[in-house]
Amino acid sequence: MTRYAWVRISIVAGAALILEILCRTGVVPRLIMIPPSEMMASAWQILASGEIKSDFYFSFVNIALAIGFSVVGGFITGLAIYSAPVLRATLEPFLTSYSAVPPIVFHPMLIVIFGLNRAPQVIIAVMFGLVPMAIHTISGLRRIRPVFLKVGRANRLSRAASIFQIQLPAAAPYIFVGVTLAVSYSVIGVISTEFILSASGIGHQISFAYDNYDNRTMYGLVLLLLATATLLNSSLRHYSQRMLQRWTR
Amino acid sequence: MADATRTVHARVEGLTRVYPARDGRPAVNALGPIDLDLYKGEFLSVVGPSGCGKSTLLELLAGLALPTSGTIEFEGIMVRGQVPEGVGVVFQEDSSFPWLTVWQNVAFGLENSGVDSAEIGRRVDFAVNFMGLSDFAKSYPAQLSGGMRQRVCIARTLVLRPRLILLDEPFAALDQQTRLLMGDELLRLWRETGATILLITHSLDEAAMLSDRVAAMSARPGRLLEIISTGWPADRTSRIVENAAFGAVTARLWTILRSESMKAIGHGETSAPA
């Protein structure tokens, strides 16, 4: 591990320790927050008991579906927009201003259309994740160095071979940044919609515990969710950084 | 003047390239007309002021761009918008693929040409060794110096066994000492492969040191002003710079190109100080 990684871990451990002291000494009331050590114990109990296994599974499937649709859909959208100049000139302003749109406002309408099942949650999550994926696909393809394409032509590559052997690998670091964002936004999209109106899922369980003043369960679940999201995101980010360093010398 | 005693490997006749008017900007007459015979097995360099169309000439010869008028023949076959089999191109920019190792980079063209894997292995090992990259075969380009990355690009072309190698200022980004050493390697490659080489360069010294003939081009639109034969032996090295005749060749090139270079930087025709 690098020196910076140790510093990061120390900051998190230090913050947890301060919070532990504040909670244990009553400066922060238990009704607001429980000590981090109790959060960890609660998280472990939740995992060991398997009592919300079905909720984990429900959220996991939703997130997996949202990531799949966001990544594949975003990539195809980006590729189509990049390949068609007319489409690019027409749609790019929409894409860049899309970040100001909160997709969650469409949730009630989607429930009316699809009913109270996983579809509205997945669709909202895809609305979060697809656009960053498309934007980064376009950006990656646009940044391909023209000399790489000339090498393809000098080697008499077919159009398909040029796409798969040169253009996609050359654009990969930027496309992968899009994948990282699509994953993060899919998790956010699924969990936040489960909070609002859902009968199952981690988001629903956190919301249910909150409504019943069950801080121990709520913080245990929040900790589990934070740990999973952080682990997933930092693994992807780590890989993405390594690619960018190698590609952009 | 064509030399009837030698075999013409590539022939350029009446070649021009005009970039059409676009977005309110006027059309640019970039090149020509140019007539040039490239003899089999010779090393010819093209020098000229910045923006005179040297790289355009190479791209047209390679089939990477289409001429506005004129014809290009390679081994008697017309070249038009497609790189012919037997022609290899090395570009000015580092074009090694960062996602592939040195070995994979060198193998890239072969893997797309239907050669069987055992033959690919043999040829790539030879090319990697020939260019002094054996210790770095498993390294990625980001781990190499600029000179080594350019050697990877040359090896990637060499492995295809081209009969005509077109080099577009391949050493432009390297320091002077590395350029001299790379020049020696290029001469060794030329001798051992017997390929015809056309080198685009803005360095008069490099052109004079490496070439059998040096073609000097005018400012835009680039035309051939004169072709100088150096008369160097085939087994020359960078030590040719110690030869008194080397100074005479570079001086002759500068005499031809000085007024053209002044035009290129917007100073027009001026007489040289005594």
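The values are calculated or read from the model by the stated rules, or taken from the named source; none is laboratory data. Predicted model only: the values in this text are computed from it and were never measured. Cβ sites come from the backbone with ideal geometry, for glycine too, and all protein chains shown count toward neighbours.
Does region A:155-173 include one or more residues that are at pLDDT below 90 and within 22 Å of the chain's Cα centre (by Cα)? Within region A:155-173, one or more residues are at pLDDT below 90 and within 22 Å of the chain's Cα centre (by Cα). Just one of the listed residues (B:Leu58, B:Leu64) is modelled with pLDDT of 90 or more and within 19 Å of B:Leu204 (Cα to Cα), and it is B:Leu58. The single residue among B:Arg161, B:Arg156 that is surrounded by fewer than 21 Cβ atoms within 10 Å (Cβ to Cβ), more than 22 Å from B:Val47 (Cα to Cα) and charged (D, E, K, R) turns out to be B:Arg161. Taken together, the criteria place A:Phe58 among residues that are touching a helix residue (DSSP H, G or I) at 6+ places or on another chain (Cβ under 8 Å), surrounded by 17 or more Cβ atoms within 10 Å (Cβ to Cβ), farther than 30 Å from A:Gln167 by Cβ and among the aromatic types (Phe, Trp, Tyr).
Test of understanding: among A:Arg246, A:Arg216, A:Arg242, which residue is within 14 Å of chain B (Cβ to nearest Cβ), surrounded by 15 or more Cβ atoms within 10 Å (Cβ to Cβ) and of a type outside the set (A, V, I, L, M, F, W, C)? After ruling out the rest, the residue left standing is A:Arg246. Among the candidates B:Ser261, B:Ser218, B:Ser271, the residue that is modelled with pLDDT of 85 or more and assigned by TED's automatic domain parsing to the domain that holds B:Pro170 is uniquely B:Ser218. Within region B:116-136, being more than 20 Å from B:Val90 (Cβ to Cβ) and part of a loop (DSSP other than H, G, I, E, B) holds for one residue alone: B:Asp116. State yes or no: is B:Arg191 at pLDDT 85 or above, crowded, with 18+ Cβ neighbours inside 10 Å, over 30 Å from B:Tyr19 (Cα atoms) and among the basic types (Lys, Arg)? The answer is no for B:Arg191. Against the test of being within 14 Å of another protein chain (Cβ to nearest Cβ) and farther than 19 Å from A:Leu79 by Cβ, the options A:Arg118, A:Arg145, A:Arg156 yield a single qualifying residue, A:Arg156.
Those helices (runs of 4 or more DSSP H) of region A:155-227 in which at least 2 residues are in contact with a Gly (Cβ under 8 Å, 6 or more places away or on another chain), considering only elements entirely within it, cover A:159-162, A:168-196. Of all the residues in region B:142-195, those that are more than 19 Å from B:Glu85 (Cα to Cα), under 14 Å from the mean Cα position of the chain (by Cα) and of a type in the set (A, V, I, L, M, F, W, C) number 6.
Yes/no matrix, rows are residues, columns are (1) farther than 21 Å from B:Ala215 by Cα; (2) not acidic (Asp, Glu):
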site	(1), (2)
B:Asp37	no, no
B:Cys52	no, yes
B:Phe91	no, yes
B:Ser96	yes, yes
B:Thr101	yes, yes
B:Gly109	yes, yes
B:Val124	yes, yes
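Could you tell me whether any residue of region A:201-213 is surrounded by fewer than 17 Cβ atoms within 10 Å (Cβ to Cβ) and of a type in the set (Asp, Glu)? Yes, because at least one residue in region A:201-213 is surrounded by fewer than 17 Cβ atoms within 10 Å (Cβ to Cβ) and of a type in the set (Asp, Glu). Restricting region B:92-137 to residues that are of a type in the set (Gly, Ala, Ser) and closer than 17 Å to A:Val151 by Cβ, which is farthest from the other protein chains (Cβ to nearest Cβ)? For region B:92-137, the residue satisfying everything is B:Ala127. The single condition from (1) of a type in the set (A, V, I, L, M, F, W, C); (2) within 11 Å of chain A (Cβ to nearest Cβ); (3) surrounded by fewer than 21 Cβ atoms within 10 Å (Cβ to Cβ); (4) not in a helix (DSSP H, G or I) that B:Val89 fails is (3).
The single residue among B:Ser95, B:Ser139 that is crowded, with 17+ Cβ neighbours inside 10 Å, part of a loop (DSSP other than H, G, I, E, B) and among the hydroxyl-bearing types (Ser, Thr, Tyr) turns out to be B:Ser95. Between B:Ala127, B:Ala62, the distinction of being buried (at least 22 other Cβ atoms within 10 Å of the Cβ) and not assigned by TED's automatic domain parsing to the domain that holds B:Ile256 belongs to B:Ala127 only.
Among the criteria (1) free of Cβ contacts under 8 Å to residues at least 40 places away in the same chain; (2) out of contact with any strand residue (DSSP E or B) (no Cβ under 9 Å at 6 or more places or on another chain), the one B:Asp235 does not fulfil is (1). Please tell me if A:Tyr219 is in contact (Cβ under 8 Å) with a residue 24 or more places away in the chain, over 17 Å from A:Ala66 (Cα atoms) and out of contact with any helix residue (DSSP H, G or I) (no Cβ under 6 Å at 6 or more places or on another chain). No. Candidates A:Val7, A:Val27: the one that is modelled with pLDDT of 90 or more, loosely packed, with under 13 Cβ neighbours inside 10 Å and not in a loop (DSSP other than H, G, I, E, B) is A:Val7. Restricting region B:100-130 to residues that are aromatic (Phe, Trp, Tyr) and in contact (Cβ under 8 Å) with a residue 40 or more places away in the chain leaves a set whose member that is farthest from B:Ser145 (Cα to Cα) is B:Phe108.
The residue of region A:176-200 that is surrounded by the fewest Cβ atoms within 10 Å (Cβ to Cβ), among those that are more than 21 Å from A:Val112 (Cβ to Cβ) and of a type outside the set (A, V, I, L, M), is A:Ser184. Take B:Leu164 and tell me if it is more than 15 Å from B:Glu93 (Cα to Cα) and in contact with a His (Cβ under 9 Å, 6 or more places away or on another chain). Yes, satisfied.
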